[in-house]
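To start, the structure under review is shown below, and the notes come after it.
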Amino acid sequence: MHASGDRNTVIDFWRGLVLVIIFVNHVPGNILENLTPRNFGFSDAAEAFVFISGLSVAMVYYPRLPKGDALDVVRRCLRRSFELYRMHLIMTGAAVALFSVGYVISNDVGMLEAHGRGTVFDDTARGITGVLLLGHQLGYFNILPLYIALMLWAPVAMILMRIHVALAAVVSVGIYALARADVLAIPSWPEPGRWFFNPFAWQLLFTIGILTGALLVRTGVPYNRLAFAGAMGFLAISTVVMTDAFGLYPNLLWSAFVNFDIIKSDLGLGRLLHFLALAYVVTQLRLGHVLKGTAFGAEMMRLGRNALPVFAFGSVLSALGEVTMTLAAVKSSASPHVVGMVFTLLGILGLLLLARYLEWKKKGSAAPRQERVEKAGLVSVSPRSLPH
């Protein structure tokens, strides 16, 4: 992920920014969530997360396929899936513990029942078994299970691409169509229903990310005046709809959800097209290239380079934020929304500090390794060759 190439650092920047947005959105009720992109367009950070994940997978693993390393790619994707599964269980366990303590202190039953937590607390044995089997996922803790499923799909998509790009595209679109027809879905357990994020639908955006990473990341997406104008127009329309025409037509957003395909769980076409339009405009305006050179950009790239631990820490922090806001509401006269805003700002600072610590730790572990290699006289190592 950090090989040479200017575009990799841009990807790190966008990944880091997406992690911050996800954290803000996952502290429900804080004032800052009103400023995130999901309030101004059909898509939100989830689409960006999945697309960037596909992009990153292609850049890391796809170049290995022409060398005959298909089995190694499969092995690495399986190992990554297990790593994600382990992290998901740690995050979910930490969240359950926080909500338990929050309930004991606040006596607010919402701590035990909101966002799918009732399944765990009402029938602990079945609830925990469901969590272990990924059949039950707490609200705001359902992105990593999707990512696990997508990592299992990744080697299949890349091998299909090696056969022919069109084959990969046709298979992916076909699976998406079956998912949208309610033929393909992963059922939930022990509660009835299915996964909130349907992997069979979301794999289409992930596959588009893989295609982009394998074919276009080095050459760039070509500029087309008509495509750019159409994308800008679509983004403008979605902003008007999401804001109820800036408050002039109060039922506009509700009408859009009823009449247009912008459902989140199955990746509605409206959401998919909005994200692709947004990604195209952002790419053509080179916003990432401009912002990554700023102090803000440096912090976001640091987050992006340490994505999994930062995401996990942010998820646990978001659960702590919900507990904190609940305690503010029932145990004090402070506004929970203001408390949530302060907590969210402090949480973002915590994410930045974590990323700094992780990079400091990497440099500390790299220095002794460099010294050992140089003393052995095996190779002359320059600082640039060290992992970062």
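Worth pointing out:
- Residues (part of a helix (DSSP H, G or I) and either open to solvent by 30 Å² or more (accessible area, probe 1.4 Å) or not small (Gly, Ala, Ser) (or both)) located in segment 121-135: 121, 122, 124, 125, 126, 128, 129, 131, 132
- Considering only residues in segment 333-357 that are in a helix (DSSP H, G or I) and of a type in the set (Gly, Ala, Ser), the one that is farthest from residue 20 (Cα to Cα) turns out to be 340.
- Members of segment 73-114 that are under 23 Å from residue 61 (Cα atoms) and β-branched (Val, Ile, Thr): 73, 74
- The set of residues in segment 161-173 that are open to solvent by less than 30 Å² (accessible area, probe 1.4 Å) and either of a type in the set (Val, Ile, Thr) or modelled with pLDDT of 95 or more (or both) comprises 168, 172.
- Here no helices (runs of 4 or more DSSP H) wholly within segment 142-223 include at least 3 residues being among the hydroxyl-bearing types (Ser, Thr, Tyr) and within 23 Å of residue 278 (Cβ to Cβ).
- Selection status of residue 151, surrounded by 19 or more Cβ atoms within 10 Å (Cβ to Cβ) and at pLDDT below 95: no
- Residues (closer than 24 Å to residue 135 by Cβ, open to solvent by less than 70 Å² (accessible area, probe 1.4 Å) and in contact (Cβ under 8 Å) with a residue 12 or more places away in the chain) located in segment 101-120: 110, 111, 112, 114, 116, 117, 119, 120
- Cβ-Cβ contacts under 8 Å between residues 6 or more apart (or on different chains), taken from a first residue in segment 297-326 that is in contact (Cβ under 8 Å) with a residue 60 or more places away in the chain and assigned to a helix (DSSP H, G or I) to a second residue that is among the β-branched types (Val, Ile, Thr) and open to solvent by 30 Å² or more (accessible area, probe 1.4 Å), are listed as 301/9; 312/90; 323/101; 325/339.
- Any pair with Cβ under 9 angstrom, 6 or more apart, that starts in segment 255-271 at a residue that is surrounded by 15 or more Cβ atoms within 10 Å (Cβ to Cβ) and ends at one that is acidic (Asp, Glu) and assigned to a helix (DSSP H, G or I): 267/47; 271/47
- Selection count where residues are under 21 Å from the mean Cα position of the chain (by Cα) and of a type in the set (Gly, Ala, Ser), scope segment 328-348: 1
Condition check ((1) buried (at least 17 other Cβ atoms within 10 Å of the Cβ); (2) farther than 21 Å from residue 156 by Cβ) across all residues:
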position	(1), (2)
206	yes, no
227	no, yes
241	yes, yes
249	no, yes
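The values are calculated or read from the model by the stated rules, or taken from the named source; none is laboratory data. Note that this is a predicted model, so its numbers are computed, not measured. Because the Cβ atoms are built from the backbone with ideal geometry, glycine has one as well, and the counts that use them run over all protein chains shown. Note: accessible area is taken over every heavy atom of the protein model, side chains too, but ligands, DNA and RNA are not part of it. Shrake-Rupley method; radii C 1.70, N 1.55, O 1.52, S 1.80 Å.
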